[in-house]
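Working notes for the structure below.
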Amino acid sequence: MATEITPDAKTEILGEINKYDFRTENEAVFKVEKGINAGIVRQISAMKEEPQWMLDFRLEALEIFESKPMPEWGGDIDIDFQDIYYYLKPTEGQGKTWDEVPENIKETFERLGLPQAEREYLSGVKAQFDSEVIYGSVSEDLDNLGVIFTDTDTALKEHSELLREYFGTIIPSLDNKFAALNSAVWSGGSFIYIPPGVKIEFPLQAYFRINAENMGQFERTLIIVDEGAEIHYVEGCTAPTYSSDSLHSAVVEVIVKKNARCRYTTIQNWANNIYNLVTKRAVCMADATMEWVDGNLGSQLTMKYPAVYMMEPGAHGEILSIAFSGKGQHQDAGAKLVHVAPNTTGQIISKSISKDGGRSSYRGLVRVEKGAHNAKNNVVCDALILDADSRSDTYPYIEVMEQDVSIGHEASVSRIGEEQLFYLTSRGLSEAEASAMIVNGFIEPLVKELPMEYAVEMNRLIQLQMEGSVG
Amino acid sequence: MLVEGETHALMGPNGSGKSTLGMAIMGHPKYEVTSGTIMLDDQDILAMSPDERARAGLFMAFQRPVAIPGVKMADFLRHSTTNVRNPDRKEGEDLIPMKEFRKELKYNMDKLEMDMQFARRYVNDGFSGGEMKRAEILQLAMLQPTFAILDETDSGLDADAVRLASESIAEIGRAKMGLLIITHHDKLLVHNPPKFTHVMLGGRIVETGGIELAEELHESGYERIRAAYPDAEAQNEAMSSSEVTS
């Protein structure tokens, strides 16, 4: 197979900003027709040789998708659902070593730095290219401990009982139009099971790459962290830029059992022609902790509100959200914390940056259900606006059904200070360097929560965003 | 007007335009220089941005430096030291080596009796008045400018801190740096005796003298000056304009 990676014409001018913006020549081994209907859904299910219950699940979801109107809040969604490829199989089978992956796709992920990261600090890796996971590995140690880290299609075959018990229970197809769409046409994604008491020191990582044009990527991730276990899962997302739009619509369900801990980190750097409409939700049992660390830098429109439902006493939910909107981008990002049980605690910290006409919105829900006595919740959202063309909005919703609770909400909006810029430039920093430093300082309280490698990556991405507008 | 190696004092009552003059020289965007030129060596710096001025060897220690949350002193200083020493450096090019930088930073911090922990704090964020001034002097020491404007670098400090600040500045600036010291006190000037003293009133330099002028003003205040220049005094009272003549 020919190895051909076509750099975008802009690459030379913009240099490293387009590290992620290259197209890989790849002839799909199987591709459904454009558009969505029951025939397409049946075809995907048949292709994957799925059991009847999954086909039924998909068809029911398709009906829900078709019956639900488009959301009227959030961002402007202008998607022609009949102009998208819903399933595109890039290769035959999945590699367990990178040598088993076709050269061109292997090279794609090498350029993105995944094999190197895997060698240096990851416990396991999944790489998804368009609709399928084309590479998967997990360290032997984890295998021996009974950890399952596989793609969701394989899990449906090999761990069907475990999967069926939880699949679609946290986010039912009825939840929203895009969750229904994902349920109808899902493909790929990660399935993780961590047995009781197993604590994983190094992160598991998945990398989602959309390569084809007019593509829809609908991965489906399910993570079960059993009692007393701990895991950190990281996902990265990129795509090359095309003139027409693509759609990424994932569903991620997480179950964190008693005393367990899960941290789920996303660094989303989609190309600016991608609609990123994702539903992520976790349920958290007694004394368990769920943390979403959600970094949104790319896409044309992101609508994503990771949620934690604190179901039993002592559960703790935490969401750290960073959104960066540049030219032509709208990040409608936020968080949801639902206190169902007493003595549960939650925290949301959101930092958004808008630049060059970009728009960042914080949309958050804090809900304390009847009976959730002594719940404590605190929300801090800070917005930084870099110029007069850019915009920031805050939509905080707070619903409290109990009296003896503690709820805090702080919000601030600031413009990048002329005084701060002057101070730094008067010490020899260029204006671009000074702005990048101020922005990195602004998100520092969140970035320092990331493992070092990701913190470096995040700072670098911000730097690129800041420089991008200059070119 | 200011020659390398010379120290000048700039004095004047509150609101007379001393800080404004400093800001205009440093290139603050809020101030527009409507007439006159500012030369550094043979270069007219008026067309330069503040970072170009800094790279050309100009420095100002601010009276009330602004806080930059999340930005560590050490990171900031490493960037600025690199740029000032290597004026042609483009963004993204190498910074001065960490080891070399840390050694130099430690040397200067020790001299200023600052704990190395300080380098990890965010720039001016939650600093006490004294810490702020010390951080400004630290930057002066690291950047080694040709000309430095010190805007009340001794105010808000206790006696010991003023002594330390004065001695440090004298040592840093010894013989090579041109200093323009804006001050109300005389401590700084005892350690850094000015060759010339300029008095500002109503946005103008109304009188220039030697060290004895600074001593006189320190002892007797500005009554004589106010009486001698009624126009400037009236202007001083009315001053809300941000124009500066230099």
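The values are calculated or read from the model by the stated rules, or taken from the named source; none is laboratory data. Quick caveat: nothing in here was measured; it's all calculated off a predicted structure. Backbone-built Cβ (ideal geometry, glycine too); neighbour counts: all protein chains shown.
Out of the residues in region A:384-418 meeting the condition of being buried (at least 17 other Cβ atoms within 10 Å of the Cβ) and within 14 Å of chain B (Cβ to nearest Cβ), tell me which one is nearest to the chain's Cα centre (by Cα). Checking each candidate, the answer is A:384.
Screening residue B:245 with (1) at pLDDT below 90; (2) surrounded by 17 or more Cβ atoms within 10 Å (Cβ to Cβ) gives one miss only, at (2). Has region A:441-460 got any residue that is modelled with pLDDT under 90, at the interface with chain B (Cβ under 9 Å from one of its Cβ atoms) and under 22 Å from residue B:48 (Cα atoms)? Looking through region A:441-460, none of the residues is modelled with pLDDT under 90, at the interface with chain B (Cβ under 9 Å from one of its Cβ atoms) and under 22 Å from residue B:48 (Cα atoms). If the condition is being more than 9 Å from chain A (Cβ to nearest Cβ) and buried (at least 16 other Cβ atoms within 10 Å of the Cβ), then region B:75-88 contributes only B:78. Here the strands (runs of 3 or more DSSP E) wholly within region A:220-259 that include at least 2 residues being within 19 Å of residue A:191 (Cβ to Cβ) are A:220-225, A:230-238, A:251-256. Residues in region A:298-325 that are part of a loop (DSSP other than H, G, I, E, B) and surrounded by fewer than 24 Cβ atoms within 10 Å (Cβ to Cβ): A:300, A:305, A:311, A:312, A:313, A:314.
In the condition set (1) among the charged types (D, E, K, R); (2) touching a residue at least 24 places away in the same chain (Cβ under 8 Å); (3) not in a loop (DSSP other than H, G, I, E, B), residue B:160 is compliant with all but (2). Can you tell me which residue in region B:19-58 is farthest from the other protein chains (Cβ to nearest Cβ), limited to those that are touching a residue at least 24 places away in the same chain (Cβ under 8 Å) and in a strand (DSSP E or B)? That would be B:35.
For region B:99-142, a residue qualifies if it is on the phi < 0 side of the Ramachandran plot and either among the aromatic types (Phe, Trp, Tyr) or not in a helix (DSSP H, G or I) (or both), and the qualifying residues are B:101, B:107, B:112, B:114, B:115, B:118, B:121, B:122, B:123, B:125, B:127, B:128.
Of everything in region B:140-175 that's under 12 Å from the mean Cα position of the chain (by Cα) and acidic (Asp, Glu), which residue is surrounded by the fewest Cβ atoms within 10 Å (Cβ to Cβ)? If we take residues in region B:140-175 being under 12 Å from the mean Cα position of the chain (by Cα) and acidic (Asp, Glu), then B:152 is surrounded by the fewest Cβ atoms within 10 Å (Cβ to Cβ).
Of the residues making up region A:84-102, those that are loosely packed, with under 13 Cβ neighbours inside 10 Å and either over 15 Å from residue A:125 (Cα atoms) or not assigned by TED's automatic domain parsing to the domain that holds residue A:37 (or both) are A:92, A:93. In the set B:172, B:205, only one residue is within 21 Å of residue B:13 (Cα to Cα) and out of contact with any Phe, Trp or Tyr (no Cβ under 9 Å at 6 or more places or on another chain); that residue is B:205. From the list A:432, A:341, A:411, A:372, the one residue that fits, being of a type in the set (A, V, I, L, M), out of contact with any strand residue (DSSP E or B) (no Cβ under 8 Å at 6 or more places or on another chain) and not assigned by TED's automatic domain parsing to the domain that holds residue A:300, is A:432.
The number of residues in region A:260-282 that are assigned to a loop (DSSP other than H, G, I, E, B), within 16 Å of the chain's Cα centre (by Cα) and polar (S, T, N, Q) comes to 2. Taken together, the residues in region A:419-440 that are under 27 Å from the mean Cα position of the chain (by Cα) and either more than 8 Å from chain B (Cβ to nearest Cβ) or β-branched (Val, Ile, Thr) (or both) amount to 4.
Would you check which residues across region B:147-162 are more than 14 Å from every other protein chain (Cβ to nearest Cβ) and touching a Lys or Arg at 6+ places or on another chain (Cβ under 9 Å) and list them? Show your work before the answer.
Taking region B:147-162 and keeping what is more than 14 Å from every other protein chain (Cβ to nearest Cβ), we get B:152-162.
Listed by number, the residues that qualify are B:152, B:153, B:154, B:155, B:156, B:157, B:159, B:161, B:162.
Would you be able to tell me the number of residues in region B:97-146 that are closer than 15 Å to residue B:64 by Cα, away from every other protein chain (no Cβ under 14 Å) and in contact (Cβ under 8 Å) with a residue 12 or more places away in the chain? Summing the residues that are closer than 15 Å to residue B:64 by Cα, away from every other protein chain (no Cβ under 14 Å) and in contact (Cβ under 8 Å) with a residue 12 or more places away in the chain in region B:97-146 gives 5.
With respect to residue B:72, is the statement that it is surrounded by 16 or more Cβ atoms within 10 Å (Cβ to Cβ), more than 19 Å from the chain's Cα centre (by Cα) and within 10 Å of another protein chain (Cβ to nearest Cβ) true? Explain how you work it out, then say what you get.
Values: surrounded by 16 or more Cβ atoms within 10 Å (Cβ to Cβ): yes; more than 19 Å from the chain's Cα centre (by Cα): yes; within 10 Å of another protein chain (Cβ to nearest Cβ): yes.
So residue B:72 fits the description; yes.
Selection within region A:12-32: residues that are modelled with pLDDT of 55 or more and of a type in the set (A, V, I, L, M, F, W, C). The member of this set that is surrounded by the fewest Cβ atoms within 10 Å (Cβ to Cβ) is A:29.
Hey, does region B:25-46 have a residue that's within 16 Å of residue A:424 (Cα to Cα) and crowded, with 24+ Cβ neighbours inside 10 Å?
Taking every residue of region B:25-46 in turn, at least one turns out to be within 16 Å of residue A:424 (Cα to Cα) and crowded, with 24+ Cβ neighbours inside 10 Å.
Considering only region B:59-68, I want to know if a residue exists there that is free of Cβ contacts under 8 Å to residues at least 24 places away in the same chain and either buried (at least 22 other Cβ atoms within 10 Å of the Cβ) or more than 10 Å from chain A (Cβ to nearest Cβ) (or both). So far as region B:59-68 goes, no, none of its residues is free of Cβ contacts under 8 Å to residues at least 24 places away in the same chain and either buried (at least 22 other Cβ atoms within 10 Å of the Cβ) or more than 10 Å from chain A (Cβ to nearest Cβ) (or both).
Going by the structure shown, is residue A:110 assigned to a helix (DSSP H, G or I) and either out of contact with any Asp or Glu (no Cβ under 8 Å at 6 or more places or on another chain) or modelled with pLDDT of 95 or more (or both)?
On the way: assigned to a helix (DSSP H, G or I): yes; either out of contact with any Asp or Glu (no Cβ under 8 Å at 6 or more places or on another chain) or modelled with pLDDT of 95 or more (or both): yes.
Answer is yes for this residue.
If we scan region A:50-65, do we find a residue that is surrounded by 13 or more Cβ atoms within 10 Å (Cβ to Cβ), under 26 Å from residue A:101 (Cβ atoms) and more than 22 Å from the chain's Cα centre (by Cα)? Scanning region A:50-65 turns up at least one residue that is surrounded by 13 or more Cβ atoms within 10 Å (Cβ to Cβ), under 26 Å from residue A:101 (Cβ atoms) and more than 22 Å from the chain's Cα centre (by Cα).
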